[in-house]
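**Student:** Before I ask anything, here is the structure I am working with.
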Amino acid sequence: MHKIIVAGCGMMSGTWIKHAKNREDSQIVALVDIIPERAEAQKKEYALSANTYASITEALEKEDATIVFDITVPSAHYDVVTTSLRAGCHVFGEKPMSDSLEKSEKMVECANETKKEYFVMQNRRYIPQLYALRNFLHTKTLGKIGQVSANFQLDPHFGGFREEMDSPLIADMAIHTFDACRFLTGKNAVSVYCHEFNPFWSWYQGNASAICVFEMEDGSVFDYRGSWCANGLNTSWESEWRIACENGAVFWDGAEKLYYDATADGAAKTGISDENEITSSFREIAPMPMANTYHDACINEMFAALQSGTRPQTDCRDNIHSIRMVYKAIESAKTKKTVFF
Ligand SMILES: NC(=O)c1ccc[n+]([C@@H]2O[C@H](COP(=O)([O-])OP(=O)(O)OC[C@H]3O[C@@H](n4cnc5c(N)ncnc54)[C@H](O)[C@@H]3O)[C@@H](O)[C@H]2O)c1
């Protein structure tokens, strides 16, 4: 039986608590929050018999736990994760790994040193259309990938920590899109140029919009346009994608629409297309059937990996490549220079 401490009892904790409650191999033994009423509120909401604490250190001392769910704010992840690993627990934690690249790298080192597992939530990998798109790209039907483009435009009013961060979009959200690019292509980034800005109508203190150009290890380019203060024409939370390959292009609207357009059987094209003519014969790509999606699928994979002694796709040793894209982009925005990894 896995004995779980839930650290951080805010907005996102309910999803994790519900998942653990539904598992037969797990029991939540403690809830921790520096605001004690939040731990008490979740205990009541989910009718748990767990103890409540205001500090992870105290909870680790008093409980015989095996796993810690870290659902605290990004600035607390480093302390919560390393303290829990050193106390002999595995950690399943929310993205992003931490609020700096240096700390994130130390968290990976800590998992290696303690020989405990640290798996990171990347729920937005576990989507039927994204899996289908990745599988399609891997068939190489359209040949090699040359350019991946993602457009993310949304207007959430969260309140709380995100509205006070320096780089809310890149530091808290873009990790999902950057990680999805790695998932789709199987490639890591080697450099980035990022221009971050805060539109004058923004309700965030920090930069809520950004444009990034990444060079990937195979020479392909990943361009990202994002805003968390979009005024209309919103995209989905998964971004809108266009992937240009040597023999065609694939489009995903981040929701149901997923299709590709192949250049005529690889035949060389000549001449100029009529700019108003819609010549394409788009072919749909069917979503991949999945028993579970998002958080449930990712947490299931974490438990299964622990059980089998393997590592899930969102193991910290892999996820460090996604978080590196985040902090190198922020470094580029600050220095106004291309940053090499
Ligand atoms: N995967 C996703 O789609 C997704 C969505 C939303 C949030 N998140 C992530 O989940 C995490 C939590 O986000 P949220 O929206 O629930 O934030 P939140 O502010 O609602 O909740 C965080 C809680 O952690 C508590 N806390 C802070 N420091 C702590 C510490 N040292 N020990 C114990 N508790 C502490 C806070 O008091 C708060 O109650 C963040 O890392 C965020 O990026 C992920």
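The values are calculated or read from the model by the stated rules, or taken from the named source; none is laboratory data. Computed from a predicted structure; not experimentally measured. No Cβ is skipped: glycine too gets one built from the backbone with ideal geometry, and neighbour counts run over all protein chains shown. The accessibility values were calculated without ligands, DNA or RNA, using every heavy atom of the protein model including side chains. Shrake-Rupley method; radii C 1.70, N 1.55, O 1.52, S 1.80 Å.
**Student:** So what is the relative contact order for the chain, in percent, with contacts set as C-alpha pairs under 8 Å and at least six apart? Working shown, then result.
**Tutor:** Values: 695 pairs, mean separation 62.0, N = 341.
Computed value for the chain: 18 percent relative contact order.
**Student:** Can you pull the three principal axis extents for the Cα set of the chain, in Å, largest first?
**Tutor:** Principal extents (Cα only, largest first): 75, 44, 37 Å.
**Student:** What is the Cα centroid distance between the range 55-96 and the range 114-162, reported in whole angstrom?
**Tutor:** 25
**Student:** Excluding residues on the same chain fewer than 8 positions from LYS3, give the lysines whose Cα lies under 27 Å from its Cα.
**Tutor:** The qualifying lysines are LYS18, LYS21, LYS43, LYS44, LYS62, LYS95, LYS103, LYS106, LYS115, LYS116.
**Student:** DSSP beta bridges in the chain, what fraction antiparallel, as a percent rounded to 5?
**Tutor:** On the way: 36 of 63 bridges.
Once the DSSP bridges in the chain are tallied, antiparallel ones form about 55 percent.
**Student:** Within the chain, which complete DSSP H helices have Cα atoms spanning at least 18 Å along the helix axis and a mean Kyte-Doolittle hydropathy of -0.5 or higher?
**Tutor:** Within the chain the helices that satisfy the rule are 74-86, 294-308, 316-335.
**Student:** Further question on the same structure: Counting only protein heavy atoms and a 1.4 Å probe, tell me what percentage of the chain's accessible area is made up of carbon and sulfur.
**Tutor:** 49
**Student:** To continue, here is another question. How would you rank 106-116, 160-170, highest first, on the average number of other Cβ atoms within 10 Å across their residues?
**Tutor:** 160-170, 106-116
**Student:** Give the whole-number value, in cubic angstrom per residue, of the convex hull volume spanned by the C-alpha atoms of the range 105-180.
**Tutor:** 175
**Student:** Kindly work out what percent of the DSSP beta bridges joining two residues of the range 1-141 are antiparallel, to the nearest 5.
**Tutor:** Antiparallel bridges make up about 0 percent of those DSSP assigns within the range 1-141.
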